[in-house]
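The values are calculated or read from the model by the stated rules, or taken from the named source; none is laboratory data. Everything quoted here is computed from the prediction, not taken from an experiment. All Cβ positions, even for glycine, are placed from backbone atoms using ideal geometry, and neighbour counts span all protein chains on display. Heads up: the accessible areas ignore ligands, DNA and RNA and are worked out on the full protein's heavy atoms, side chains in. Shrake-Rupley method; radii C 1.70, N 1.55, O 1.52, S 1.80 Å.
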Amino acid sequence: SSDGGATFQAGSTFNDLAAGIYDLVVQDDIGCESNVEVVVDETAPPVIDSVTGTDPVCGQDNGLIVVDATGAALTYSLDGGTTTQAGNSFAGLAWGTYTVTVTSYGCPVNAVVELLESVGPSILSVEVLPPGCPGLANGGLTVNADGAAPLQYSIDGGGTFQAANVFVGLAAGT
């Protein structure tokens, strides 16, 4: 009984109790009783201390959200609580706006974080200076690109990079 012995139930679990003080009574089959006073505290909602977003790069789904929260028995979600997890980080994310839900004992709190799109650099144009004579290595390239600085440039498929956008000493066909 959770009401001082006025009513009894066969099970030992009492669900959906409001916060308050309860006089818990256990009775055996011959009427002997044992009782104790139990205080059910109101559960405080979780607190989201911070949400850190790391934007995805190069158009990939590699963004990250890390949530720091305080509370008991926390679960984390990015879909309103439909799918939850015990861990506080979400990886492999595309750019977009996310609502993070942190829940403790059925009490949810939300925070919104935006991951920004980063598509990487774009080559705007390439100016070619052909070699002066066949067989000479005095040609060059100037690459004009747009993107977040500092940009690095390569003419061997990404094998080696340099900071300058000008390549000199090139022979025809290289």
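Stokes-Einstein at 25 °C, 0.890 mPa s, Kirkwood radius from Cα pairs: D for the stretch 1-62 in µm² s⁻¹?
On the way: Rh = 15.9 Å.
Roughly 155 µm²/s, to the nearest whole number.
Roughly how many whole Å is it from the C-alpha centroid of the stretch 72-92 to that of the stretch 140-169?
When both Cα centres are located, 42 Å separates them.
At a Förster radius of 41 Å, what calculated FRET efficiency corresponds to the Cβ-Cβ distance of Gln85 and Asp29, to the nearest 0.05?
Details: r = 45 Å, r/R0 = 1.11.
It comes out at approximately 0.35.
Would you work out the relative contact order for the chain, in percent, from Cα pairs under 8 angstrom that are 6 or more residues apart? List each step's numbers first, then the result.
On the way: 356 pairs, mean separation 24.8, N = 174.
Contact order relative to length: 14 percent.
Report in % the part of the accessible area of the chain that belongs to carbon and sulfur, leaving out ligands and nucleic acids; probe 1.4 Å.
Numbers: 6180 of 11340 Å².
Roughly 54 percent of what the probe reaches on the chain is carbon or sulfur.
If you average 1/r over all unlike Cα pairs in the stretch 71-174 and invert the result, what Kirkwood radius do you get in angstrom?
Values: mean 1/r = 0.0549 Å⁻¹.
With all distinct Cα pairs of the stretch 71-174 included, I get 18.2 Å.
For the chain, what does the convex hull of the Cα positions come to per residue, in cubic angstrom? Please report the intermediate quantities before stating the final value.
Working: hull volume 27.6 nm³, N = 174.
Enclosed volume per residue, from the Cα hull, is 159 Å³.
When Rg is the radius of gyration of the Cα atoms in the stretch 56-96 and Rh is its Kirkwood radius, what does Rg/Rh come to?
Across the stretch 56-96, the Cα-based Rg/Rh ratio is 1.04.
Tally Lys and Arg at +1 and Asp and Glu at -1 over the other residues with C-beta under 12 Å from the C-beta of Ala18: what net charge comes out? Display every interim value, and only then the final one.
On the way: positive: none; negative: Asp16, Asp41, Glu42.
Neighbourhood net charge equals -3.
Hey, can you find the accessible area per residue of the chain for me, probe 1.4 Å, expressed in square angstrom? Working shown, then result.
Details: 11340 Å² over 174 residues.
Normalised by residue count, the accessible surface of the chain is 65 Å².
In square angstrom, rounded to the nearest 10, how much accessible surface does Cys32 have for a 1.4 Å probe?
70
Applying 1/(1 + (r/R0)^6) with R0 = 25 Å to the Cβ-Cβ distance of Ala73 and Val39, what FRET efficiency is obtained, to the nearest 0.05? Display every interim value, and only then the final one.
Working: r = 19 Å, r/R0 = 0.76.
That gives a FRET efficiency of 0.85.
Modelling each spin label as a point 7 Å along the Cα-to-Cβ direction, I'd like the Asp55/Ala149 distance in nm, to one decimal.
1.6
Looking at Leu17, Pro131, Ala163, which one has the Cα that reaches farthest to the positive end of the dipole of the chain (charges on Cβ: Lys, Arg +1; Asp, Glu -1)?
Farthest along the dipole direction, towards plus: Pro131.
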